[in-house]
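The values are calculated or read from the model by the stated rules, or taken from the named source; none is laboratory data. For clarity, every value in this text was computed on a predicted model and none was experimentally measured. Using ideal geometry, Cβ is built from the backbone for each residue, glycine included, and neighbour counts are taken over all protein chains shown. Quick note on the areas: whole protein, heavy atoms, side chains included, nothing else; ligands and nucleic acids left out. Shrake-Rupley method; radii C 1.70, N 1.55, O 1.52, S 1.80 Å.
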Amino acid sequence: MAEPGEEAAAEQPEPAPASTKYVLITGGVVSGLGKGVTASSVGVVLKACGLRVTCIKIDPYLNTDAGTMSPFEHGEVFVLDDGGEVDLDLGNYERFLDVTLTRDNNITTGKIYQSVIEKERKGDYLGKTVQVVPHVTDEIKQWIQSVSSVPVDGQTRPADVCVIELGGTVGDIESMPFIEALRQLSFSLGKDNFCLIHVSLVPVLGVVGEQKTKPTQHSVRELRALGLTPDLLACRSAQPLIGSVKEKLSQFCHVPVENILNIHDVPNLWHVPLILRNQKVHEAIIKQLNLGRSAGPPELRDWTQMAESYDDLKNPVKIALVGKYTNLTDSYLSVVKALLHASVACSLKPSIQWIAASDLEDSTATSAPDAHAKAWETLKASMGSSCILIPGGFGDRGISGMILAAKYARDNKVPYLGICLGMQISVIEMSRNVLGLKDADSEEFNSETPSRVVMYMPEVSKTHMGNTMRLGCRRTFFRRTDCLTSKLYGSVDHVDERHRHRYEVNPAFVAMLENAGLHFVGCDESGKRMEVVELQDHPFYIGVQFHPEFKSRPRRPSPPFTGLILAAAEYMGTPANNSNGHVGTSE
């Protein structure tokens, strides 16, 4: 929409050599409808047709990236190979499409305005008055077209299709510049280079029991008022839509009946691409984008087998996840997905037992005795879980409970995996209860303790929080290739995994801990920064400073997670079928 005083005639379609086509996913009615899963699933179907796909997520918030946002506020922070701290939807894209994205694939209002202001300070606008239109919208369009031309699948040519997800809900004030930029982009590219899928909700009111189309009608009307017309509707509902509802939506939303898709609730998310395939989403998009010569029928046999095999799983494996943010499970989304990938590879059905770390603490026995008793009942293998996992996190809340969980796993030989903070917890627990250093702690929680077994990394800023941690894909070298973790990865001498931390094990305590039985079997290239620990005389007790969950894929589960699931199955005497040949438990 033009600014006051801006002549409408000034905007003319620009000839655009669009080698990459665009599929835009917007959302209406309410947030949290699953636009990210829809975008990922559309990408899966198009990739199955032989097309190369990349993805962009637009987040309209003013933060430069997701790095400083609380997990309670926005779910987990997903980390990319290049160190980008991004929205969790990029994790969905990587897992579904098996691609490697960059930080630039996540566009935020903060990044756009920062770039515009930097250009203004350098004088790039030649003294003009810098405005939302055209300067901010031009920056958005330039960013989209630049990023979409970068291959993410290891090849050299740009992708055939770029799937763009616009975060939030149509009508949100913060997304208006992006809506306008996308309107301009669709106009300049032309109909055969731009396809819009609008995700909406078709609710059922409890009293009436009828699928209601009015929310979607209003949402589409608002989208059209902003200059964008949907080519396809993706309607979320609890049950499949009845035929008359599709006809009504078609009539009032100006979308052909065959282009109205229904994404109803399914047993697992791997079914969503199959639902879209069955409704011929690929045919509608390929026709709209004139890709008939490049695309063939979708080949999804392996994906179908994967989705159906999960539904058929019977033997459960119970995992106690002891964390700080258990009230919002999206805070650990990649961990949950990595557990799913590993469990399915072992022909087991994952059952995650969520335990708030603070509920395990002694103080909770007085303040909330029922919660304390339930947490310990869930943790203990005899009544609840067959393995324990402590994921990453920041801050001192719940730390005492995590230490108690790590001690329980060590004392009772329960399989244990500690990730990032979870590895540091195992170091603190051993220092206190085996070395006798009762004041052992992390500098993060107690900067005054003389026994700083976990310390601040010297190169990390202590004044700025954003993008100052040790981030991205880093190489970890195994100090001995006969260690269990190396065997899990296939008896390699090094692994490349993603990191996100600002604290590390204090090298001054390494020798003492190793003498006590906690072996540091992995380190960085300097040999001084500890990356992997293993406890001797324990069937499976591993801590890793990196985040293996970020590189887990449905058909390539993360080795530490697969090892944990196999160890849990062995602990409980549950039969497991390891379909990932090089992964095994301790010998």
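Brief remarks follow.
- Square roots of five times the Cα gyration tensor eigenvalues for the chain, Å: 45, 28, 22
- Ordering of 476-482, 277-283, 564-570, 335-341 by packing is 564-570, 335-341, 277-283, 476-482, highest average first (other Cβ atoms within 10 Å, averaged per residue).
- Of all accessible heavy-atom area on the chain, the percent that carbon and sulfur account for (1.4 Å): 50
- With K and R counted +1 and D and E -1, the other residues having a Cβ less than 14 Å from that of residue 166 yield a net charge of -4.
- Peptides 406-415, 40-49, 76-85 ranked from most to least packed give 40-49, 76-85, 406-415, packing being the mean of other C-beta atoms within 10 angstrom over each peptide's residues.
- Packing here is the average count of other Cβ atoms within 10 Å per residue, and on that basis the peptides 208-219, 164-175, highest first, run 164-175, 208-219.
- Taking the range 222-273 and dividing mean pair separation by its residue count, relative contact order in percent (alpha carbons under 8 Å, at least six apart): 41
- For the chain: accessible area per residue (Å², 1.4 Å): 41
- At q = 0.08, 0.10, 0.12 Å⁻¹, base-10 log of I(q)/I(0) for the range 313-572 (Debye sum, equal scatterers on each alpha carbon): -0.28, -0.45, -0.66
- Those aspartates and glutamates that a straight Cα-Cα span of less than 14 Å connects to residue 374, excepting residues fewer than 8 apart in one chain: 359, 361, 362
- For the range 279-284, 3J(HN,Hα) computed residue by residue from phi via the Karplus equation (6.51, -1.76, 1.60; θ = phi - 60°) reads 8, 6, 4, 5, 5, 5 Hz, glycine and proline entered as x.
- Counted by Cβ distance under 14 Å from residue 302, the other residues give a net charge of +3, where Lys and Arg count +1 and Asp and Glu count -1.
- Hits among lysines - C-alpha to C-alpha of residue 280 under 29 Å, sequence gap 8 or more where chains match: 21, 35, 47, 57, 191, 212, 214, 246, 248, 337
- 0 to 90° range, to nearest 10: angle between helix 421-433 axis and the chain longest Cα axis: 20
- Around residue 120: net Lys/Arg minus Asp/Glu count, Cβ-Cβ under 12 Å: +1
- Net charge dipole, the chain: roughly 980 debye, given to the nearest 20, about the Cα centre with Cβ charges of +1 for Lys and Arg and -1 for Asp and Glu.
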